[in-house]
1. Please give the per residue accessible area of the stretch 1-87, computed with a probe of 1.4 Å over protein heavy atoms only, in Å².
2. Scan around LEU34 for amide H atoms under 5 Å from its own, H built in the peptide plane at 1.01 Å from N, and keep only partners 5 or more places away or cross-chain.
3. Work out from phi, with θ = phi - 60° and the Karplus expression 6.51 cos²θ - 1.76 cosθ + 1.60, the ³J(HN,Hα) of each residue of the stretch 56-65, listed in order in whole Hz, and give x for Gly and Pro.
Amino acid sequence: GLPEIFANVGSRTQTPVFATVVIVLAVAVFATWLPLVELAQMTSFLALVVFASANAALIRLKRRIGDAGIGFRVPLWVPVVGLCVCSAFALYQIGEFLAVIACTKGLWHPAFAKLGPYSLICVVLVLDRLYFCRRQTLGGS
């Protein structure tokens, strides 16, 4: 994992002060050097990754300890859907980014630059296969 200094929390605020300072400095550097559009795209992508991670953590908590140790109750399908949607949109952005790079490098015809959305179809197909395999393993039809 990360170095322990990132996990240390301040006694007054109970927040990871060092980690917060590092993030603020990184944001300041990016805000200074990146064009606004690229900064907005990066922020959008990182927000999707953070929300996907939070949903994955909630799924893990619910499987590990159930609703007993969690401060609020939510049906399992809510974080599952959240994880799927956030992951799908993040994959969409990755697909668009890779398509644009491939087009600018001459590796792909510019007419195919918008194939990023097809990454959503790939996510749905993978999730379908995982669900199908799980149902077969559990003896379902």
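The values are calculated or read from the model by the stated rules, or taken from the named source; none is laboratory data. All of these numbers come straight from a predicted model, not from anything done at the bench. Note: accessible area is taken over every heavy atom of the protein model, side chains too, but ligands, DNA and RNA are not part of it. Shrake-Rupley method; radii C 1.70, N 1.55, O 1.52, S 1.80 Å.
1. 76
2. Sorted by chain and number, the residues that satisfy this come to none at all.
3. Calculated HN-Hα couplings, in order: 5, 5, 5, 4, 5, 4, 5, 6, 7, 10 Hz.
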